[in-house]
Amino acid sequence: MFSSLTERLSKSFRNIIHKGRLTESNIKDTIREVRKALLEADVTLSVIKTFINNVTNKAIGCEINKSLTPGQEFIKIVRNELILAMGEKNNNLNLSICPPAVILIVGLQGVGKTTTTAKIAKWIQDKHKKKILITSTDIYRAAAIKQLEILSTQINVNFYTPDAHQKPIYITEKAIQHAKLKLYDILLIDTAGRMHIDEIMMNEIEKIQNLSQPIETLLVVDSMMGQDAINMAKNFSKSLSISGIILTKTDSDARSGVALSMRYVTKKPIKFIGTGEKLENLEIFYPARIADKILGMNKVISVIKDIEEKINQSHVKDLTKKLKKGHDFNLNDFLTQIKEMRKIGGLNYFIDKFSNNKTMHNSSLLNDEKNNLNKIEAIIYSMTPKERNNPDIIKGSRKRRISLGSGTKIQDVNKLLKNFGDIKKVMKKIKSNGISKIIRNIKNILPKNF
């Protein structure tokens with residue numbers, strides 16, 4: 001469902017991700033591409049307008065986190081706005097009521113209400129261990145009641161079997177009485193599909209809702225309907241008190257505009273998404289996870305979070321100030337950065353996140369990374385303060401003393417000193433972004449062939 005938008009947004013970000021700074025020009029160029037991507041995804045125009053305005057206002061003149069590149073900061077802004085559009089947090093089912101808690105399932109015909117009813121029952125049973133009863137008031141569709149009864153058997157949930165000749169209101173009343181008598185925690189009521197313009201059918205569902213007083217009234221929406229789904233949801237909300245929305249068929253090639261627009265337009269939370277035909281294919285709708293999926297940058301986002309949360313910002317600021325003043329990057333600074341890398345997970349962390357190179361994954365450098373970092377630290381700790389500040393003075397006798405003190409070979413000391421020159425070249429290019437540019441040049445951080 002999100003693959004097309006993901007691909008288009010990824011292309012949009014390519015021009016800005018490696019920029020040294022965010023400018024009004026490169027922000028507007030990127031925003032223009034983002035707008036096109038949202039239009040192609042069939043996102044509602046009002047949502048696009050608000051989204052674009054918010055991203056533009058927050059990106060222009062924003063203060064860049066010193067641990068992130070400007071491109072990463074821009075992606076972070078876009079991600080946050082996606083989350084805001086879809087709802088800042090997941091709104092789970094409200095089951096806190098004196099039993100039986102009634103959950104009413106409504107929607108158009110053919111959107112997957114019956115299967116979704118069974119999926120919800122299975123989810124509640126698995127997650128909350130509740131005693132559940134299911135019934136159907138769909139007396140209009142041939143075999144609808146039998147279908148739900150079969151699905152109930154498959155998930156080992158009890159089914160209240162109504163008479164197909166009974167009225168939906170009567171079935172609802174009797175099902176509630178049965179649920180109370182048998183001490184059920186949850187009663188799930190599947191209803192017949194109906195058009196919002198069908199006055200008789202809408203009157204019927206209103207009566208069912210008034211009688212049952214459901215703790216949740218969930219509107220099932222086919223994500224392949226696009227803008228029509230949003231209009232339908234708005235109209236259903238006028239007649240019924242809708243507490244949440246379930247998107248079905250999100251595993252299809254439907255455009256993702258409905259997921260981005262539904263919450264903003266209807267003001268109703270998306271609570272679940274159907275991700276397949278099997279009864280276990282129902283997932284809680286987490287806006288943050290969906291935003292990461294849409295961006296196609298789950299890994300990048302997780303790295304940004306780790307950098308922000310785990311990197312010691314005071315160390316970054318100290319190093320930045322030092323480099324700005326023209327001081328050389330020395331082995332003390334390098335040792336500090338090695339420790340910061342350890343907090344995130346070391347070089348293997350970045351390789352696992354971003355590399356598809358099997359040779360790199362299997363290299364002796366990566367397989368023995370912990371020992372390599374330990375060896376580097378041991379060598380540096382065996383140096384005097386003077387040697388750490390000025391590695392150029394480390395010659396023959398000093399190398400022997402350092403190797404003996406660190407339990408390493410002289411060749412190891414030589415490798416560290418030799419490659420440290422490359423590291424200094426990288427650091428000379430750093431002006432204001434400290435750790436972020438170190439990470440961008442991560443392959444140059446550790447001595448080669450260690």
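A few points about this structure:
- Residue check: LEU188 meets all listed conditions (1) over 30 Å from VAL43 (Cβ atoms); (2) at pLDDT below 95 but one, namely (2).
- Residues in region 154-183 that are outside any helix (DSSP H, G or I) and aliphatic (A, V, I, L, M): 4 in all.
- For region 195-226, taking the residues that are among the polar types (S, T, N, Q) and either touching a Ser or Thr at 6+ places or on another chain (Cβ under 6 Å) or surrounded by 18 or more Cβ atoms within 10 Å (Cβ to Cβ) (or both), the one that is nearest to LEU282 (Cα to Cα) is identified as SER223.
- Test: residue in region 115-135 that is among the basic types (Lys, Arg) and at pLDDT below 85: no
- Qualifying residue in region 163-171 (condition: over 39 Å from the mean Cα position of the chain (by Cα) and basic (Lys, Arg)): yes
- Test: residue in region 388-398 that is surrounded by 13 or more Cβ atoms within 10 Å (Cβ to Cβ), small (Gly, Ala, Ser) and modelled with pLDDT of 50 or more: no
- Region 270-282 residues that are assigned by TED's automatic domain parsing to the domain that holds LEU148, paired with ones that are of a type in the set (Ser, Thr, Tyr) (beta carbon under 6 Å, 6 or more apart): ILE273/THR250; GLY274/THR248; THR275/THR250; ASN281/THR275
- Extreme residue, farthest from the chain's Cα centre (by Cα), among residues of region 128-141 that are farther than 26 Å from SER239 by Cβ and part of a loop (DSSP other than H, G, I, E, B): LYS131
- In region 87-111, the residues that are surrounded by fewer than 24 Cβ atoms within 10 Å (Cβ to Cβ), within 25 Å of LEU5 (Cα to Cα) and of a type outside the set (Lys, Arg): GLY87, GLU88, ASN90, ASN91
- Checking ASN54 against (1) part of a helix (DSSP H, G or I); (2) at pLDDT below 85, the condition it does not meet: (2)
- Flag for PHE350 being buried (at least 17 other Cβ atoms within 10 Å of the Cβ), assigned to a helix (DSSP H, G or I), at pLDDT below 60 and within 34 Å of the chain's Cα centre (by Cα): yes
- In this structure, LYS119 does not qualify as more than 27 Å from PHE236 (Cα to Cα) and out of contact with any Ser or Thr (no Cβ under 9 Å at 6 or more places or on another chain).
- Count - residues of region 107-118 that are in contact with a Gly (Cβ under 6 Å, 6 or more places away or on another chain) and either in a loop (DSSP other than H, G, I, E, B) or at positive phi (or both): 2
Yes/no matrix, rows are residues, columns are (1) in a loop (DSSP other than H, G, I, E, B); (2) assigned by TED's automatic domain parsing to the domain that holds MET201; (3) touching a residue at least 60 places away in the same chain (Cβ under 8 Å); (4) under 22 Å from LEU240 (Cα atoms):
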| residue | (1), (2), (3), (4) |
| --- | --- |
| LEU93 | yes, no, yes, yes |
| ILE105 | no, yes, yes, yes |
| ILE120 | no, yes, yes, yes |
| ASP126 | no, yes, no, no |
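- The condition of being at pLDDT below 85 and buried (at least 21 other Cβ atoms within 10 Å of the Cβ) holds for only one of GLY61, GLY71, that being GLY71.
- Within region 140-171, the set of residues being in contact (Cβ under 8 Å) with a residue 40 or more places away in the chain, within 24 Å of LEU282 (Cβ to Cβ) and either in contact with a His (Cβ under 8 Å, 6 or more places away or on another chain) or not small (Gly, Ala, Ser) (or both) comprises ARG141, LEU148, LEU151, GLN154, ILE155.
The values are calculated or read from the model by the stated rules, or taken from the named source; none is laboratory data. Owing to the predicted nature of the structure, the values given are computational and were not obtained by experimental measurement. Don't worry about glycine lacking a Cβ; one is built from the backbone with ideal geometry, like all the others, and counts go over all protein chains shown.
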